[in-house]
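Working notes for the structure below.
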Amino acid sequence: RNGAYLSIKAFAFKDFPEAKFWISAHLAAWSGENLDLRHPFIINYVPEIGECTINPAKGVAFFTRFVIRCNNFKDKNIPLTYKMIVSDLHGFGQISSVKENTLGAILYLGSESTSPPSFLPVGVLANRYAMKIYVQVYDSLGAFSQVTLYATVRAPTDEVSEKDVLDRLFNFTMGPNSSLSTMLANQEFLPAGYLMYIAASVLNNMKPELTLQADKARLREYLVNQTFILPNSTLVEISQVVMSVTKLTQTTSGFTRMAQKLATVRVWQANRALQQSRQKDSDFHSEQIEIVSTGILTSLSNIFKLTVSYEVVDEPFYVLELLADTILEGKVPGNETTAMTASSFNVYV
């Protein structure tokens with residue numbers, strides 16, 4: 001053939017065994033010179049699915065500690081890595097090219113098949129406080145299989161007073177001896193980001209009591225500020241930052257002007273980090289970037305809601321324009337128009 005490219009159809013190797021293969025190419029130039037090339041590739045299947053359980057199946061956010069345990073996942077390419085994701089996409093924006101959005105706060109990422117005892121955020125009221133958890137099990141080559149779990153997680157204010165819940169939030173997140181400060185000092189950034197997410201979830205589900213409003217606003221601004229300590233290099237790190245900011249901006253109650261500005265800067269940084277990650281690592285799939293981008297889209301929509309009608313703002317619009325650029329970078333000529341829809345706006349790229 002005369003073409004310079006070889007295209008292999010999807011699923012062409014679906015019946016092949018899991019092994020290493022080579023594609024051999026013989027090139028003949030007009031000058032008479034010949035060249036033989038061999039390119040190796042691996043056919044890899046996702047880990048064999050086992051089972052996962054969560055114990056207890058019901059509890060109270062920020063009080064009950066849940067344990068996720070998985071067994072019997074098998075694969076030739078070991079070690080296996082377990083990624084446990086808490087997925088609350090209620091009210092989230094959507095990007096039309098994302099078929100299954102598995103974005104969420106990362107509860108655990110590591111080689112152990114059992115998570116440490118962990119809090120869960122408040123479940124979705126419309127779903128009877130159900131909270132969805134994805135468990136993704138990766139082999140050493142990056143292929144993963146996925147199972148879905150559910151737990152019922154009620155708001156802590158159903159059990160104790162608003163004041164007691166707020167005091168507990170302060171104890172866990174503020175001060176040099178708090179759990180959050182200890183995690184950040186020990187560079188346990190994923191657990192730290194997850195704790196910020198949990199705290200934001202609890203704050204969002206508290207009633208707007210006037211006597212506690214100032215303290216809640218102070219805590220929310222503090223948590224937004226703390227997200228700047230979290231690293232923003234890998235896709236996992238960016239995802240955790242985005243989920244924390246999205247949850248913190250979810251409510252308009254008690255959100256200060258400073259917190260609004262900080263949140264806008266943080267989502268700009270997250271979007272910039274996504275663009276840089278794609279430039280550094282060609283293995284980044286557009287779908288992975290678009291999944292995280294739904295969180296940035298939702299954060300921007302939340303920030304627009306925080307803006308009062310008489311304000312003139314341009315920073316969120318600038319970040320939205322950059323987000324559209326991020327999505328466009330993953331497109332090729334001939335792709336369909338991508339719709340980015342959120343509660344505050346719609347964008348088509």
Report the relative contact order of the range 189-257, percent, no decimals, based on alpha-carbon pairs under 8 angstrom and at least 6 residues apart.
50 percent
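Relative to the present Cα-Cα distance, how much length would full extension add between TYR5 and ARG272 at 0.36 nm per residue of separation?
Value of the extension gain: 92.8 nm.
Could you pull out the pairs from LYS247/LYS305; LYS132/LYS163; LYS163/LYS247; LYS216/LYS247; LYS83/LYS132; LYS99/LYS280 whose alpha carbons sit more than 18 Å apart here?
On the way: LYS247/LYS305 14 Å; LYS132/LYS163 28 Å; LYS163/LYS247 21 Å; LYS216/LYS247 14 Å; LYS83/LYS132 14 Å; LYS99/LYS280 25 Å.
Violating the 18 Å limit, Cα to Cα: LYS132/LYS163; LYS163/LYS247; LYS99/LYS280.
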Between THR307 and TYR150, what is the label-to-label distance in nm when each label sits 7 Å out along the Cα-to-Cβ direction?
3.8 nm
Just to compare against my own numbers: the Cα pair-distance distribution for the range 82-239, 10 Å bins, whole % per bin, please.
9, 35, 38, 16, 2, 0
Helix 286-306 axis, angle to the chain major axis (alpha carbon atoms, nearest 10°):
30 degrees
If a/c stays under 1.5 just call it rounded; otherwise compare a/b with b/c (prolate if a/b is bigger, oblate if not). Do that for the range 112-194, with a ≥ b ≥ c from the square roots of the Cα gyration tensor eigenvalues.
oblate
For a Förster distance of 45 Å, can you work out the FRET efficiency between the beta-carbons of TRP30 and GLN279, rounded to the nearest 0.05?
0.80
Length-normalised contact order for the range 27-186 - Cα pairs under 8 Å, 6+ apart - percent
25 percent
Counting Lys +1, Arg +1, Asp -1, Glu -1, what net charge surrounds ALA151 among other residues with beta carbon under 10 Å of its beta carbon?
+2
1/(1 + (r/R0)^6) with r = Cβ-Cβ of LYS207 and ARG69, R0 = 41 Å, i.e. FRET efficiency to nearest 0.05, evaluates to 0.70
Of the chymotrypsin sites (Phe, Trp or Tyr not before Pro) in the range 123-205, those whose Cβ has at most 11 other Cβ within 10 Å and which sit in DSSP loop
none
Around TYR194 (Cβ within 14 Å, Cβ-to-Cβ, excluding TYR194; K/R +1, D/E -1) the net charge comes to 0
Step by step: find N for the range 158-218, compute 2.2 N^0.38 Å, then divide the Cα radius of gyration by it. What's the final number?
1.17
Calculate the spin-label point distance for LYS163 paired with TYR318, positioning each point 7 Å from the Cα along the beta-carbon direction, and give it in nanometres.
4.4 nm
Report the Cα centroid-to-centroid distance between the range 228-244 and the range 319-349 in angstrom, as an integer.
22 Å
Can you tally the net charge around ILE23? Count Lys and Arg as +1, Asp and Glu as -1, for every other residue whose Cβ sits under 12 Å from the Cβ of ILE23.
+1
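Normalised by the number of residues in the chain, what is the relative contact order in percent for Cα pairs under 8 Å and 6+ residues apart?
With pairs under 8 Å counted, the relative contact order is 15 percent.
No lab work stands behind these numbers, since they all come straight from the coordinates. Quick caveat, the model's predicted, so the values are computed rather than measured. Virtual Cβ from ideal backbone geometry, glycine too; neighbours counted across all protein chains shown.
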